[in-house]
Structure formats: structure tokens, C-alpha cells
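Asks: Before I ask anything, let me first share the structure, which is written out below as C-alpha cells.
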């Protein structure tokens, strides 16, 4: 059996059917190993489905876990390695789609698109009187995390005529200036977060970091919601320390119903859809499914898809 914690692209589902019987676990996105058959050979998830350590200890036939995407914070990779279970994913596939989405968020926040859209729909065309958006040309874009997605966003920023800098770590193709996080925050008009979520990066942007940012600076997050301390974000917005926050991610997802911050007039949020384009969604599912099929068939999967720890 191949257990799907979430649906995948139909083409990927058909590919998985060539080596097993894919079953979608629809009740919950958190795997309860006690409710699963011991004959589960593979688990496939996307961004919501959680694969905890208990899955590896109780499913004796489990050979492979596939994550349709790049990040693996919803899979206990240490437990997988200890159990000898292969973990496969699709690193790098989402970089262009996420970079496009990040650019969209950046422009929408800078030009206050949602604010003026709501006003016009409410019959207030006069919202244009005194309106002033932020032009990104000649502004500094600071990219925190210069992997595939961060480097592509840096390219987009350069195309807009922005002065682009990045954090010290990373090997971008260009010779852009690379600064410490503190210097980047202090000098950037727009800050883009593109780092993975780890113990070190959780709450990466907290009270001290918000205090260091330029007044009116915009913060864009297309990586993971937990990179930003929400209490500190609320204070920074209310006190005018920053000009706005746009994100495709939140912590937790979906946001709690009691979360009032998400309705703040200087926040723009999309529901973790940056990679869900016609091209990328299929590709991340197909690459992951192909790697799962290879493992279950006793073949060697694409090395780029295998998580090495």
C-alpha cells in the first residue's frame, strides 16, 4: 500500500498506481500509525501531512517517504534514517514559481494593491486622492538565504533596478554584496526571507531584528511562517517600525481562528500557494512519485531527490 496524506497531481497518482495501491488518508493530515496497515510500503505527503517518528517504528514494511516539495520539516528525517527508510523530495523544482510569487507579494505590498482594490469595490474611487505607493526602483532588496529561490528573487530585483544584497552564507551566481543579517536588516528597504526552518532559524526575525530594520521597510516571507515571531511582528506594525508584511506562510497553518494579526491592514497573506502553479505542482509531484516508484521497484532513484541528511 502507498499511503497519501494529501492528494497529489493526477499524473503522479497514476504513476504510483504502477507499483501499488495509493490510498488517500482524508480524515487528518497527521499520520496515526496505529490506524494503518502494517503493509504500508510508502508514505507520500505535500506540505501539510505530518510524518512523525512513530510512523517509522510501527510500520515494519515502510521503505520510503516522499515529500512533494523541497522542505522536509513535516517529516522526521532522523527517525527515518534510524529506521533505514529512504526519504525523497523535489528540491529546487519550486524555485521559479516561489520567486514569481514573492515578487508579486513584494509589488502588491509596495503598491498597497489590496487596500485600494477593497476601496474601489466599495465605491471609493477617491482613494486615489493623496495615494502614494512605494516604487521599488533604486530601493535596496535584502535577500536572506541565497539558495535557488533566493538567487532567482535577487535576479528579479535586479531587473527592477533594485540594489540587491544577500546574507553572507550562500553562493549566488552573481557578485552581489553579501552582508551580515544585522547589516542587511539595517540597510534594506525590502527584506525577503528564503531560508529553511531549523532550530537556528526559528524566530529568526524577532524584537531585536525588527528594531534594527529601516523605518517603513517591507518584510516578505515565502519560506516558513515560524521564521517570524508573530508577537514581535504585531508590535513592529503597530509601532510603525516596519511598513508592512507579506507572506505565503504562517505558523501554524491554517492560522488559528483567534489570530487577529492576520487581519491587520498592513499584512498581506496567501495560503501557502506559491508553488501551486500549473507547471510546478505537477513537476514536484511527478519527481517525488518517480523517486518513490524507483525505490519500491528496487531501482536507484534520482540522486538529487534523495535526502542525505
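Asks: Filter the stretch 234-266 down to the residues that are more than 21 Å from the chain's Cα centre (by Cα) and farther than 19 Å from residue 115 by Cα and list them by number.
Replies: Correct list: 235, 236, 239, 241, 257, 258.
Asks: Looking only at the stretch 65-112, which residues are over 30 Å from residue 133 (Cβ atoms), part of a helix (DSSP H, G or I) and touching a helix residue (DSSP H, G or I) at 6+ places or on another chain (Cβ under 8 Å)?
Replies: Within the stretch 65-112, 78, 79, 80, 82, 83 meet the criteria.
Asks: Further question on the same structure: Looking at (1) surrounded by 18 or more Cβ atoms within 10 Å (Cβ to Cβ); (2) closer than 29 Å to residue 69 by Cβ; (3) in contact with a helix residue (DSSP H, G or I) (Cβ under 8 Å, 6 or more places away or on another chain), can you tell me which one residue 255 breaks?
Replies: That leaves (1) as the condition not met.
Asks: Go through (1) in contact with a helix residue (DSSP H, G or I) (Cβ under 7 Å, 6 or more places away or on another chain); (2) more than 30 Å from residue 5 (Cβ to Cβ); (3) assigned to a loop (DSSP other than H, G, I, E, B) for residue 275 and report which single condition fails.
Replies: It is condition (2) that residue 275 fails.
Asks: The conditions are (1) in contact (Cβ under 8 Å) with a residue 40 or more places away in the chain; (2) surrounded by 16 or more Cβ atoms within 10 Å (Cβ to Cβ); (3) within 26 Å of residue 306 (Cα to Cα), and residue 246 fails exactly one of them. Which is it?
Replies: Condition not satisfied by residue 246: (3).
Asks: If you check 168, 134, 113, which single one turns out to be farther than 30 Å from residue 304 by Cα and surrounded by fewer than 17 Cβ atoms within 10 Å (Cβ to Cβ)?
Replies: 113
Asks: Looking at the stretch 101-112 only, could you name the residues that are touching a residue at least 12 places away in the same chain (Cβ under 8 Å) and either outside the structural domain of residue 189 (by TED's automatic domain parsing) or over 13 Å from the mean Cα position of the chain (by Cα) (or both)?
Replies: The initial filter retains those residues of the stretch 101-112 that are touching a residue at least 12 places away in the same chain (Cβ under 8 Å), namely 101-103, 105-112.
Answer for the stretch 101-112, where residues must be touching a residue at least 12 places away in the same chain (Cβ under 8 Å) and either outside the structural domain of residue 189 (by TED's automatic domain parsing) or over 13 Å from the mean Cα position of the chain (by Cα) (or both): 103, 105, 106, 107, 108, 109, 110, 111, 112.
Asks: Right, another one. If I ask for residues that are without any contact (Cβ under 8 Å) to a residue 40 or more places away in the chain and buried (at least 17 other Cβ atoms within 10 Å of the Cβ), which ones from the stretch 84-99 would you list?
Replies: 85
Asks: Let me ask another. Mind checking whether some residue in the stretch 58-72 is within 23 Å of residue 254 (Cβ to Cβ), within 19 Å of the chain's Cα centre (by Cα) and modelled with pLDDT of 95 or more? Talk me through it step by step, then tell me what you get.
Replies: We begin by selecting, within the stretch 58-72, every residue within 23 Å of residue 254 (Cβ to Cβ); these are 67-72.
So of that shortlist, the ones also within 19 Å of the chain's Cα centre (by Cα) come out as 67-72.
Those still in the list that are modelled with pLDDT of 95 or more too: 67-68.
Looking through the stretch 58-72, at least one residue is within 23 Å of residue 254 (Cβ to Cβ), within 19 Å of the chain's Cα centre (by Cα) and modelled with pLDDT of 95 or more.
Asks: Continuing with the same structure: All but one of (1) under 27 Å from the mean Cα position of the chain (by Cα); (2) surrounded by 15 or more Cβ atoms within 10 Å (Cβ to Cβ); (3) farther than 25 Å from residue 176 by Cα hold for residue 127; which doesn't?
Replies: (1)
Asks: Here's another thing I want to ask about it. Would you mention how many residues in the stretch 17-35 are within 12 Å of residue 4 (Cβ to Cβ), assigned to a loop (DSSP other than H, G, I, E, B) and at pLDDT 65 or above? Spell out how you get there, then give the answer.
Replies: Of the residues in the stretch 17-35, the ones within 12 Å of residue 4 (Cβ to Cβ) are 17, 20-26, 29, 31.
Next, only the ones that are assigned to a loop (DSSP other than H, G, I, E, B) stay: 17, 20-21, 25-26, 29, 31.
Retained after the next criterion (residues that are at pLDDT 65 or above): 17, 20-21, 25, 31.
Selection size over the stretch 17-35: 5.
Asks: Next up: Listed residues 203, 175, 163; which is assigned by TED's automatic domain parsing to the domain that holds residue 106 and at pLDDT below 95? Can you show your working first?
Replies: Numbers: 203 fails: at pLDDT below 95; 163 fails: at pLDDT below 95.
Result: 175 is the single residue among 203, 175, 163 that is assigned by TED's automatic domain parsing to the domain that holds residue 106 and at pLDDT below 95.
Asks: Does the stretch 146-160 hold any residues that are at pLDDT 95 or above and part of a loop (DSSP other than H, G, I, E, B), and which are they?
Replies: Matches in the stretch 146-160: 160 only.
The values are calculated or read from the model by the stated rules, or taken from the named source; none is laboratory data. A quick note: this is a predicted structure, and the numbers were derived from the prediction, not measured. Don't worry about glycine lacking a Cβ; one is built from the backbone with ideal geometry, like all the others, and counts go over all protein chains shown.
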